[in-house]
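Note sheet for the following structure.
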Amino acid sequence: VISCNFLPHCNQRPFSSYAEFEAHYHQQHSNRCHECHRNFPSERYLTIHIAKNHGVFNELRKEKGGKTFQCFVEGCDRLCSTPQKRRLHVIDKHGFPKDFYFRVVDQGIDNCNSLLHTPRRNSKS
């Protein structure tokens, strides 16, 4: 039995095999922000998150009117001036679904089951 001891982000559930623990580690711990402790689906999203939310250079570029919103796709160097323009870019140029969870670079994936938005139910009684 193998347990995960990466606190405070882990529920320390036991794993029956090393492969199961390794899959858990890569999913839950390998792309975690050291500043705010949020987890991201890949190194690319983590890098974008750090630049946008914790980076000094990004703030300076933004103050000077520069484009600061990086494309989500590895290898695409496109910078956009607003999150809405980035959203349109990744939908049009890279085929992202319109219901993609674009705030993933701010919020991370710790409590997500999917990177797609699920429709909200009306709370009519």
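The values are calculated or read from the model by the stated rules, or taken from the named source; none is laboratory data. Computed from a predicted structure; not experimentally measured. Every residue, glycine among them, receives a Cβ derived from its backbone with ideal geometry; neighbour counts consider all protein chains shown. Just the protein is used for accessible areas: all its heavy atoms, side chains included, with ligands, DNA and RNA removed. Shrake-Rupley method; radii C 1.70, N 1.55, O 1.52, S 1.80 Å.
The table below gives the values:
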item: Residue-normalised accessible area of the chain, given per residue in Å² at a 1.4 Å probe; result: 72 Å²
item: Nitroxide proxy distance, nm - points 7 Å out along Cα→Cβ at residue 77 and residue 115; result: 2.3 nm
item: Carbon + sulfur, % of accessible area of the chain - ligands and nucleic acids excluded, 1.4 Å; result: 49 percent
item: Pair residue 84, residue 3: separation of 7 Å Cα→Cβ label points (nm); result: 5.1 nm
item: For the stretch 57-107, size of Cβ-based charge dipole, Lys and Arg +1, Asp and Glu -1, in debye; result: 200 debye
item: Normalised per residue, the volume of the convex hull around the Cα set of the stretch 57-107 (Å³); result: 83 Å³
item: Dipole magnitude of the chain about its Cα centre (Cβ charges: Lys, Arg +1; Asp, Glu -1), debye to nearest 20; result: 720 debye
item: Per residue, the convex hull volume that the Cα atoms of the chain enclose (Å³); result: 162 Å³
item: Computed [θ] at 222 nm, helices only, for the chain once each DSSP H run of length n ≥ 4 contributes -39500 (n - 2.57); result: -11000 deg cm²/dmol
